[in-house]
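Worksheet: one structure, shown below.
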Amino acid sequence: MKAVSDRVAQTWVDLPAESDFPIQNLPYGVFRPRRGGMAAASPRVGVAIGAHVLDLALLHQAGYFSDSPLAGDNVFARGELNAFLGLGRPAWTAARARLADLLSDSCLSLRDNAILRRAALYKQSDVEMLMPLRVGGFVDFYASREHATNVGIMFRGPDNALMPNWLHMPIAYNGRASSIVVSGVDVRRPMGQSKADDAAAPVFGPSRMLDFELELGVVIGGGSDLGRPIPISQAAEHIFGLVLLNDWSARDIQKWEYQPLGPFLGKSFATSISPWVVPLDALAPFRVTGPGQDPQPLPYLRCEEPWGLDVGLEVWLQTARMARPERISAVSFRGMYWNIAQMLAHLTSNGCNVCPGDVYGTGTVSGSSEDARGSMLELCWKGTRPLTLPGGETRTALQDGDTLTLRGACQGEGYRVGFGEVRATILPAAG
Ligand code: MN
């Protein structure tokens, strides 16, 4: 028999087998109950536990956070996580400890308070998940060597696949924050200007090369001051957690516009994120040393701690004619060349500040095998190798009515810390 101290922590809440949300995870989101009166309909912060959501606004009101840095304003009675994030790491740690205690099978306080328990614990099927953050700034990196190499080979040939700067810093661009949407919000095919290689002039119309990008998004908790770079050793003070992120991309628009200033309308029409923000603390057991970096990065990009993350990621596609989704890619995040601490150090290295709720994407996650690629562009090798789906349909780009889902999880011993999913269906262009 295992000693109590090293058994896997358990909760008194029913946990479905293979749940993404055991007590080891406790991800934060913003939800609105579908039942109840007007008061119950206001958005508030919750944590996922099994197939349920725990209402933190109500727990705060009931005094469960009164002896912590969370006392005072009810930061959970808000329609976004920003106020909670802005309180900083001491508050995140206090909240997580309190919740892990309340939900553990050795704590009777909430379990045996039938009235509060019934009011505060919702089935996830009884709530609507909302956009969890007010995102002020969005940056997208390009940190997978395999992805950068694949794209480089397709556009410039094998001899110039990686640009000369790529091995010296995590490359990125400033993206668009206003068009970030939560899972479940449909995505409209963008209109835009493109020019076929053999055409004399560009045309304006619906994108014909709509693609996804499989990424993780890093959520900034503690902001920084303008003019003060975040040293890489301080990254964990500013990184609150991670979400799944789909960086929708219109390849035809992107290809025609991206030189000389980089991605613009081929990217800014939509970015989808998952509703649950998995805390960095929940990912601690899954931190690993990333791939070796050669040449050695400059001093401001060198880190002592292991900042790689062992997260398994998957892409699922379902067309309007398919009865169920089909997995079209599976790849591990642990092979990413640049890690999320290096990204934050680089992003702020010139003095640029970050704010609570800011998000940066890691860039498309691709591995070395042909089925471990995080975009349609790579899976179909620029349209030359169409995907064949069950039922016989083929794809080299997403079609109207297609539903694309990203999933991710870390596998622990006897439990799994999952990200849930980010899903969206493609709507026809507005015309
Ligand atoms: Mn991207």
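The values are calculated or read from the model by the stated rules, or taken from the named source; none is laboratory data. Quantities reported herein were computed from a predicted structural model and do not represent experimental measurements. Quick reminder, even Gly has a Cβ in these numbers, built from the backbone with ideal geometry, and neighbours come from all protein chains shown. Areas reflect the complete protein model, heavy atoms only, side chains present, ligands, DNA and RNA absent. Shrake-Rupley method; radii C 1.70, N 1.55, O 1.52, S 1.80 Å.
Is there a residue in segment 377-389 that is within 29 Å of Gly29 (Cβ to Cβ) and within 16 Å of the ligand (Cβ to nearest atom)? Looking for residues that are within 29 Å of Gly29 (Cβ to Cβ) and within 16 Å of the ligand (Cβ to nearest atom), one finds none in segment 377-389, hence no. In this structure, is Pro285 over 20 Å from Cys352 (Cβ atoms), more than 16 Å from the ligand (Cβ to nearest atom) and loosely packed, with under 15 Cβ neighbours inside 10 Å? When the stated conditions are applied, Pro285 passes them. Here Ala148 qualifies as within 16 Å of the ligand (Cβ to nearest atom), open to solvent by less than 20 Å² (accessible area, probe 1.4 Å), of a type in the set (A, V, I, L, M) and assigned to a helix (DSSP H, G or I).
Going by what's in this entry, would Phe76 be described as more than 16 Å from the ligand (Cβ to nearest atom), part of a helix (DSSP H, G or I), in contact with a Phe, Trp or Tyr (Cβ under 7 Å, 6 or more places away or on another chain) and touching a residue at least 12 places away in the same chain (Cβ under 8 Å)? So Phe76 fails the test. The set of residues in segment 107-133 that are out of contact with any helix residue (DSSP H, G or I) (no Cβ under 9 Å at 6 or more places or on another chain) and open to solvent by 60 Å² or more (accessible area, probe 1.4 Å) comprises Leu108, Asp112, Ile115, Arg117, Arg118, Lys123, Ser125, Glu128.
Only one of the listed residues (Gly227, Gly221) is open to solvent by 30 Å² or more (accessible area, probe 1.4 Å) and over 17 Å from Val417 (Cα atoms). That residue is Gly227.
Does Cys355 meet the test of being hydrophobic (A, V, I, L, M, F, W, C), open to solvent by 10 Å² or more (accessible area, probe 1.4 Å) and either more than 16 Å from the ligand (Cβ to nearest atom) or farther than 28 Å from Glu18 by Cβ (or both)? Judged against the criteria, Cys355 is a match.
Residues in segment 252-267 that are within 12 Å of the ligand (Cβ to nearest atom) and touching a residue at least 60 places away in the same chain (Cβ under 8 Å): Gly262, Pro263, Gly266, Lys267. Inclusion of Phe212 among residues that are within 14 Å of the ligand (Cβ to nearest atom), out of contact with any Pro (no Cβ under 9 Å at 6 or more places or on another chain) and aromatic (Phe, Trp, Tyr) is warranted.
The combined condition, being in contact (Cβ under 8 Å) with a residue 12 or more places away in the chain and outside any helix (DSSP H, G or I), is fulfilled by Val139. Quick test for you: out of Ala143, Ala161, pick the one residue that is open to solvent by less than 20 Å² (accessible area, probe 1.4 Å) and within 14 Å of the ligand (Cβ to nearest atom). Sole residue among the options that is open to solvent by less than 20 Å² (accessible area, probe 1.4 Å) and within 14 Å of the ligand (Cβ to nearest atom): Ala143. In segment 172-206, the residue that is farthest from Gln318 (Cα to Cα) out of those that are within 16 Å of the ligand (Cβ to nearest atom) and in contact with a helix residue (DSSP H, G or I) (Cβ under 8 Å, 6 or more places away or on another chain) is Ala172. The one condition from (1) touching a Pro at 6+ places or on another chain (Cβ under 8 Å); (2) farther than 27 Å from Pro22 by Cβ that Phe419 does not meet is (2).
The single condition among (1) open to solvent by less than 10 Å² (accessible area, probe 1.4 Å); (2) outside any loop (DSSP other than H, G, I, E, B); (3) over 23 Å from Ser274 (Cα atoms) that Trp166 does not meet is (2). When Ala323 is tested against (1) open to solvent by 50 Å² or more (accessible area, probe 1.4 Å); (2) closer than 30 Å to Leu298 by Cβ, just one condition goes unmet, and that condition is (2). In this entry, Ala177 passes the filter for residues that are of a type outside the set (Asp, Glu) and surrounded by fewer than 22 Cβ atoms within 10 Å (Cβ to Cβ). The condition (being within 18 Å of Leu133 (Cα to Cα) and either surrounded by fewer than 18 Cβ atoms within 10 Å (Cβ to Cβ) or among the aromatic types (Phe, Trp, Tyr) (or both)) is satisfied by just one residue among Ala94, Ala77: Ala77. Summed over segment 215-251, residues that are more than 23 Å from Val182 (Cβ to Cβ), within 16 Å of the ligand (Cβ to nearest atom) and acidic (Asp, Glu) total 0. Counting the residues of segment 366-396 that are closer than 17 Å to Ala148 by Cβ, open to solvent by less than 30 Å² (accessible area, probe 1.4 Å) and either among the aromatic types (Phe, Trp, Tyr) or out of contact with any Asp or Glu (no Cβ under 7 Å at 6 or more places or on another chain) (or both) gives 4.
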